[in-house]
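See below for the structure under consideration.
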Amino acid sequence: MIIAIDGTAGSGKGTLSKRLSKRLNLPYLDTGILYRKVALEFFKAEKKTTINFDNETVERVIKVIRTINFTNIEDTNSLRDDKIGLLASEISKIKAIRNILNLKQTQFVEDSIKLKEGCILDGRDIGTIILPNADIKFFITASPEVRAKRKLKEEGRANLQPHEQNCMFNDYLLKINQRDENDFNRENSPLKKAIDAYEIDTSLLTPKEVEEIAINKIYKKKT
Ligand code: DC
């Protein structure tokens with residue numbers, strides 16, 4: 001079974017994908033990590049957290065991509081850094097870069113079908129561009145405020161003073177809104193709910209509840 005999962009940053013799509021991958025014994029690819037890896041290596045090479053969109057810069061990004069081994073990217077704190085996430089979302093606007101990373105994703109899908117007759121991919125354009133014929137598609141959302149609160153908790157900021165927590169919350173909220181703005185409004189493969197995707201708003205749900213909703217949809221689809 002081929003499962004496509006799209007959604008906003010921090011909506012819980014990664015958590016759902018990992019749970020489904022374990023439960024259904026299907027290979028999983030977090031496609032965001034490909035964009036993050038390119039952003040991190042570009043950042044290391046150029047020491048810049050912003051990017052220009054001229055041909056010369058695109059060529060330099062492509063040069064960086066050629067040095068990356070995309071099989072088994074280790075998920076590190078530097079890859080998860082906010083500034084790398086934001087740079088990844090800038091870099092992902094470039095069509096030539098998307099085309100290269102799309103090939104890596106297609107290769108993963110082909111290998112997984114041979115090995116396990118299916119896979120799970122999550123990202124922004126999975127249901128629309130990468131896997132338009134997926135057996136089932138999900139679109140995961142949560143309010144920006146909930147996503148900022150989750151991040152605050154994840155980062156273990158619970159022991160901060162209320163005014164410090166408030167300050168961090170506002171900072172996370174700003175970054176989340178900036179990423180949504182980039183991902184929804186870019187010209188190439190913007191984040192969009194596929195017409196046949198099931199939307200799950202995770203704002204008021206636990207990871208287990210989200211998993212059960214998705215599993216019910218998957219089982220219904222199978223029968
Ligand atoms: O899922 P993530 O937050 O790790 O993704 C980082 C950025 O990569 C995201 O803001 C946009 C880009 N991305 C993309 O354009 N297409 C994908 N399929 C996955 C991620």
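Data table
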quantity	calculated
Segment 1-108: GluC sites (Glu not before Pro) in DSSP coil with no more than 16 other Cβ atoms inside 10 Å	Glu74
Listed pairs Lys104/Lys221; Lys37/Lys104; Lys13/Lys153; Lys48/Lys175 exceeding 23 Å between Cα atoms	Lys104/Lys221
Amide H contacts of Thr31 (H built 1.01 Å from N, under 5 Å, at least 5 apart or other chain)	Asp122
Charge dipole of the chain about the Cα centre (unit charges at C-beta), most positive-ward option of Gly10, Phe169, Ile213	Ile213
Spatial separation of Cα centroids for segment 1-36 and segment 77-122, in angstrom	11 Å
For segment 55-69, 3J(HN,Hα) per residue [Karplus equation, 6.51 cos²θ - 1.76 cosθ + 1.60, θ = phi - 60°, Hz, x = Gly/Pro]	4, 4, 5, 4, 4, 5, 5, 4, 4, 4, 4, 4, 8, 8, 9
Accessible area (Å², per residue) of the chain, counting only protein heavy atoms and a probe of 1.4 Å	54 Å²
Segment 66-156: translational diffusion in µm²/s, Stokes-Einstein, Kirkwood Rh over Cα pairs, 25 °C, 0.890 mPa s	157 µm²/s
Cβ-placed point charges (K, R +1; D, E -1), dipole of segment 111-160 about Cα centre in debye, nearest 20	300 debye
Orientation-averaged projected area, Cα convex hull of segment 1-132 (nm²)	7.7 nm²
Distant-in-sequence amide H partners of Tyr198 (H built 1.01 Å from N, under 5 Å)	Lys137, Phe138, Phe139
Percent carbon-and-sulfur accessible area, segment 1-88, ignoring ligands, DNA and RNA, probe 1.4 Å	47 percent
Projected area averaged over orientations for the chain, convex hull of C-alpha atoms, nm²	12.6 nm²
Quarter of Cα convex hull surface for segment 17-74, i.e. mean projection, nm²	4.9 nm²
Positive-end residue of Val58, Ile68, Ser78, charge dipole of segment 41-80 with Cβ unit charges	Ser78
Total charge dipole magnitude, segment 99-196, about the Cα centre, Cβ charges on Lys, Arg, Asp, Glu only, Debye to nearest 20	180 debye
Amide proton proximity set for Gly7, modelled H, under 5 Å, gap of 5+	Gly123, Ile140
Cα-based Rg and Dmax for segment 141-223, where Dmax is the largest Cα-Cα distance (Å)	16.3, 52
Computed magnitude of the charge dipole of the chain (debye, nearest 20; Cβ of K, R +1, Cβ of D, E -1)	380 debye
Ranked order, Thr223, Thr57 - accessible area, probe 1.4 Å, largest first	Thr223, Thr57
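The values are calculated or read from the model by the stated rules, or taken from the named source; none is laboratory data. This one's a predicted model, so the numbers in the text were calculated from it and none came from an experiment. With ideal geometry, Cβ positions are generated from the backbone for all residues, glycine too; neighbour counts draw on all protein chains shown. Quick note on the areas: whole protein, heavy atoms, side chains included, nothing else; ligands and nucleic acids left out. Shrake-Rupley method; radii C 1.70, N 1.55, O 1.52, S 1.80 Å.
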